[in-house]
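I have placed the structure first, in the form of structure tokens, so that the comments after it can refer back to it.
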Amino acid sequence: MDHIPKTHNHSYVVEIPIYDSAIAYREEPLGFQGFKDFPRSLGYNLEELELCSSELILPCDLLQSWLFFGLLTEIFGGPATQYKHEDFIRTDASGRRMACTEMLDKYALYWTAMRCHEDREVVVRHARDVDSCLRLTNTVLNVVATSLKVTPGEDVWAAAMNALVLSLMTLGEYLCSVREGIIRYKEAGTLELTTLKWHLPLIEKTLEKDWCVGEISMLKKWNGLTCLFYLTTIGRKLLGKGHSTCTEQGGCQALQIDFTTYKTAHLGDCACNRRVGPSPNEIATIISSGQVPLVASVSSDLNQATGLRVFASGLNGPSRATYVAISHVWSDGLGNNEGNWLNECMFTHIQNLVNALHGSADFPVPFWMDTLCIPKSSTFNAVKQLALAQMADIYRSADKVLVLDSSLQAVSCADISWVEMNMRVGYCPWSTRVWTLQEGRLAREAYIQFKDKPVNLTDLQKSAELNDNFQLLSNLLGECDKHHLMENPSARRLIAAVATYQAPEDMIEMSMKSSFEDTDEEELHQHAVQTIKRNAPLEKLKTTWLPWLREVEPDAKETSADEDLRNRIFVYFPSPVAGHSVAAINRIRGWGYAHLANARSKTNSTGYVQGYRPCELFLDVCKGFQGRTTSRTEDETICLGLLLQTEMKDLLAIKPIPWGQKDFLIKLDSWKCIRFVLSMFGVDIQKWIGSCHEERTKLLYRQMVEVPTTIIFWNSPRLQSDGWKWAPRSILYKDLEFKIFEPRDCFKRGIVTNRGLTVQLPGFKLSQLSHDHEALNMTTTCDDDETRFANTTLVIHTHDEASDNLRPWRRGWLRVRFRKIIGSDFNTQGLSWASLVKSGAIDNLAILISEEGALVEMYGKEEECNFAHHVALIERAIPRSGQERDQIEVHCFGEYFEIGTWCIG
């Protein structure tokens with residue numbers, strides 16, 4: 001398991017011995033059929049696995065020979081790579097032979113070279129074999145994993161079979177990642193490989209030591225097996241929080257704040273009784289004047305007791321002061337619900353960190369912090385609303401933003417890799433709260449405070465770019481002897497890709513010019529500069545390998561395959577852990593958010609600049625919201641509005657229920673008898689509690705005007721008001737899934753109106769079958785109980801269903817089923833395809849489709865626009881092997897329309 005990055009404490013180092021070599025898989029590929037038949041040739045019945053009729057028990061030596069050496073052989077074997085088993089075996093200090101995966105990167109690069117240079121037919125045939133081998137390996141290991149046991153009091157991975165299955169699964173996941181990244185021919189089945197799940201229940205047992213049940217539920221959704229294993233090694237220990245109220249469905253509740261019992265923290269064990277804070281009247285006056293209050297110590301000598309000064313700063317222009325904005329989570333005790341003060345020990349600590357971050361001799365450096373700079377008293381509610389509306393500009397205008405998270409301040413960054421640093425930041429409490437997203441997104445320079453020093457968040461985001469794949473390649477080839485390099489075709493191709501590189505002359509010329517006033521010219525100039533800079537290491541390596549290439553191939557010249565291979569080496573990133581660590585930081589900083597936001601801030605009278613639309617910003621922001629929580633539901637729309645740059649005054653004008661009253665209503669609603677009595681008088685406490693959030697959500701969508709068309713397919717509970725059943729009730733829904741880039745057929749945006757969301761999509765208008773299909777109708781008998789509901793498939797018949805010209809994408813939507821959403825209102829409606837067909841309600845239904853689908857109920861039509869209610873989400877029902885007998889079919893007729901205009905309410 002050497003291909004998995006190590007954490008600084010090297011905990012859970014799992015080593016796998018080489019088992020009985022008598023069961024040996026040869027070093028030449030056998031093809032998929034030979035790979036599949038390997039256990040049978042040794043007397044093991046594979047049919048037990050395929051039928052999943054009993055526990056699969058296979059010895060360690062067979063599993064290792066078949067699914068380690070065998071799988072490596074089938075993927076990497078052949079004359080183009082000259083694969084050898086010995087490259088995956090090492091000898092430890094005691095003389096034991098151990099499995100080793102250090103050479104995976106080298107062979108993956110060999111495979112990449114083969115893909116770029118070999119005949120396409122050969123590449124595709126090999127890819128199909130690889131896909132089949134990986135699927136079979138996945139099936140075998142998932143079955144074996146269900147029978148693994150844990151001995152109480154022992155390390156989970158001390159058992160030989162447990163450790164072996166873990167190593168084989170992480171290898172399989174790595175190879176799937178490589179396969180997906182370097183071979184993209186559709187006929188080779190790449191898309192199907194992305195659905196492989198490597199499920200090892202024992203991982204959850206090890207996660208329970210450091211993570212609560214709510215967090216584990218989230219981790220399983222976001223991470224593959226390798227990342228889950230990595231997260232067990234970072235030594236988190238539940239961060240000292242109470243997790244007794246956390247649940248799998250409700251998520252982690254440890255960071256939720258009870259404002260009635262909240263206490264402002266001291267630094268460490270300090271118990272000082274001195275408080276430091278500004279006058280609420282003074283900061284209110286500054287805010288009311290349109291400025292921003294800043295605070296700083298009255299003295300640069302922070303070793304003695306000190307007071308506090310207040311400064312007034314503009315947000316732009318010469319009146320803007322130099323300052324640092326503090327970002328924190330209230331669960332660390334840095335908030336205050338009673339007043340604008342901190343304990344002196346904590347104030348002094350923060351001032352010291354701010355001074356050290358800024359690196360200026362002009363101490364003390366002023367800083368802004370919500371605890372000190374936003375009035376708390378209810379007498380300043382109007383000023384507080386002004387301050388909240390300013391927050392986006394406060395973080396955007398700050399010279400630097402300093403992130404304080406107690407879990408990160410307990411770790412020194414000096415001895416940890418960028419991968420571990422990214423993972424720790426991506427899963428720290430600060431990264432799970434709603435309010436902190438804007439602080440990470442809007443900051444020009446955001447710094448994460450570790451124990452020993454602050455680290456620039458932008459540097460972490462670019463850490464993958466600093467991972468020089470060409471240097472990695474050079475190091476791997478440099479470890480090989482000259483004979484190997486000369487005889488290995490893939491090695492020679494990799495060397496040629498490096499040695500024949502030549503930057504285009506026009507790009508060199510463009511990069512050397514000064515800046516352009518013309519925007520398009522300057523964009524080309526910057527692209528040239530960045531490309532030359534990116535390829536600088538390649539120029540250096542060229543001097544190393546070009547003499548060698550000239551010796552072997554004197555007339556070698558660059559080919560298109562060399563350029564293709566070079567580009568693939570540059571983006572080579574197969575490690576699931578490293579890739580996920582970059583994604584974790586992207587959730588904070590965004591996927592181009594800063595560029596889009598800057599464009600939005602320069603909008604003209606039409607509201608758009610350079611083609612950017614608010615909904616493009618919306619997708620980026622919503623992706624960042626995933627996995628975050630807030631103690632106040634109504635805060636979600638405020639944070640969304642700040643990041644989307646909408647009009648905050650109108651949103652804030654919709655007042656929430658005061659915290660004390662809301663807490664009382666929640667407790668009241670917990671009594672079933674009281675809830676029943678109130679419902680008799682038409683009083684719905686939950687609706688009352690959520691009214692502020694719902695009205696703010698509607699207003700936010702109206703302010704945006706446009707939203708992604710695909711929002712009607714998002715798997716989230718929805719608003720229930722007429723005209724709004726298309727709209728997700730919350731972006732924070734734990735299981736929400738969507739793509740940050742919309743499919744091409746949904747490029748046109750949905751328009752928000754009071755009657756609904758107007759979209760243009762293809763789909764089917766449904767109806768009962770005609771008398772010609774009456775015999776088919778007679779076979780559609782099924783009960784409406786929940787079990788059968790889950791397995792019922794709607795089969796849609798069309799006039800051209802038998803045509804060979806029917807597009808595969810469209811044909812795939814002729815069998816559909818309901819997509820169940822946990823926690824949604826749809827689950828209580830008791831709908832089933834059988835009841836809809838039998839009652840005739842099917843005649844008023846249609847399905848709208850893209851990559852996902854939605855069932856809508858039509859109620860009117862005006863000109864070319866159909867009006868409909870959003871009913872439920874649907875998905876394609878693709879029969880799986882061996883499960884056809886469990887699927888109950890209901891049949892109807894469908895009239896396909898290529899593009900229809902719909903107003904979904």
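The values are calculated or read from the model by the stated rules, or taken from the named source; none is laboratory data. In this text, all values refer to a predicted model and were calculated from it rather than measured experimentally. Please note: Cβ atoms are built from the backbone with ideal geometry, for glycine as well, and neighbour counts cover all protein chains shown. Heavy atoms of the whole protein, side chains included, go into the accessibility calculation; ligands, DNA and RNA do not. Shrake-Rupley method; radii C 1.70, N 1.55, O 1.52, S 1.80 Å.
Kindly indicate which of Ile257, Ile234, Ile216 is under 30 Å from Asn142 (Cβ atoms), of a type outside the set (Ser, Thr, Tyr) and in a loop (DSSP other than H, G, I, E, B). Full working, then the answer.
On the way: Ile257 fails: under 30 Å from Asn142 (Cβ atoms); Ile216 fails: in a loop (DSSP other than H, G, I, E, B).
Result: Ile234 is the single residue among Ile257, Ile234, Ile216 that is under 30 Å from Asn142 (Cβ atoms), of a type outside the set (Ser, Thr, Tyr) and in a loop (DSSP other than H, G, I, E, B).
Could you grab me the full set of residues in segment 637-648 that are among the polar types (S, T, N, Q) and in a loop (DSSP other than H, G, I, E, B)? Within segment 637-648, Gln645, Thr646 meet the criteria.
Among Leu168, Leu191, which is the only one that is outside any loop (DSSP other than H, G, I, E, B) and at pLDDT below 85?
Sole residue among the options that is outside any loop (DSSP other than H, G, I, E, B) and at pLDDT below 85: Leu191.
The set of residues in segment 700-721 being in a helix (DSSP H, G or I) and of a type outside the set (Ser, Thr, Tyr) consists of Leu700, Arg702, Gln703, Met704, Ile711, Ile712, Phe713.
Checking the structure you have, find out if any residue of segment 622-630 is modelled with pLDDT under 85 and either touching a His at 6+ places or on another chain (Cβ under 8 Å) or part of a helix (DSSP H, G or I) (or both). Within segment 622-630, none of the residues are modelled with pLDDT under 85 and either touching a His at 6+ places or on another chain (Cβ under 8 Å) or part of a helix (DSSP H, G or I) (or both).
Here is a yes/no grid of residues against (1) more than 22 Å from Tyr110 (Cα to Cα); (2) free of Cβ contacts under 8 Å to residues at least 60 places away in the same chain; (3) of a type outside the set (Gly, Ala, Ser); (4) open to solvent by less than 50 Å² (accessible area, probe 1.4 Å):
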site	(1), (2), (3), (4)
Pro489	no, no, yes, yes
Ala503	yes, yes, no, yes
Glu509	yes, yes, yes, no
Thr531	yes, yes, yes, yes
Val552	no, no, yes, yes
Ala556	no, no, no, yes
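Of the set (1) in contact with a strand residue (DSSP E or B) (Cβ under 7 Å, 6 or more places away or on another chain); (2) surrounded by fewer than 21 Cβ atoms within 10 Å (Cβ to Cβ), all apply to Asn343 but (2). Taking each residue of segment 513-529 that is farther than 19 Å from Ala503 by Cα and modelled with pLDDT under 85 and looking for partners that are surrounded by 13 or more Cβ atoms within 10 Å (Cβ to Cβ) and of a type outside the set (Asp, Glu) with beta-carbon atoms closer than 6 Å, six or more apart or interchain, yields Phe516/His525; Glu522/Phe516. Selection of segment 565-582 for residues being assigned to a helix (DSSP H, G or I) and buried (at least 16 other Cβ atoms within 10 Å of the Cβ) yields Leu565, Arg566, Arg568, Ile569, Pro576, Val577, Ala578, Gly579, His580, Ser581, Val582. A search for C-beta distances below 8 Å between a residue of segment 850-878 that is under 18 Å from Glu737 (Cα atoms) and open to solvent by 50 Å² or more (accessible area, probe 1.4 Å) and any residue that is of a type in the set (Val, Ile, Thr) and not in a strand (DSSP E or B), counting only pairs 6+ apart in sequence or on different chains, returns Glu851/Thr710; Glu852/Thr710.
For segment 328-343, the count of residues that are in the same structural domain as Val425 (by the TED database), within 30 Å of Tyr427 (Cβ to Cβ) and of a type in the set (Asp, Glu) is at least one. Restricted to segment 583-613, and to residues there that are open to solvent by 10 Å² or more (accessible area, probe 1.4 Å) and in contact with a Ser or Thr (Cβ under 8 Å, 6 or more places away or on another chain), the residue that is modelled with the lowest pLDDT is Val609. Of all residues in segment 649-699, which are touching a Leu at 6+ places or on another chain (Cβ under 9 Å), of a type in the set (Val, Ile, Thr) and in a helix (DSSP H, G or I)? Ile674, Ile685, Ile689, Thr697, listed by residue number. Restricting Ile350, Ile286 to those that are outside any strand (DSSP E or B) and surrounded by fewer than 22 Cβ atoms within 10 Å (Cβ to Cβ) reduces the list to Ile286.
If I filter segment 81-103 down to residues being hydrophobic (A, V, I, L, M, F, W, C) and more than 17 Å from His484 (Cα to Cα), which single residue comes out as farthest from the chain's Cα centre (by Cα)? Going through the qualifying residues, I end up with Ala93.
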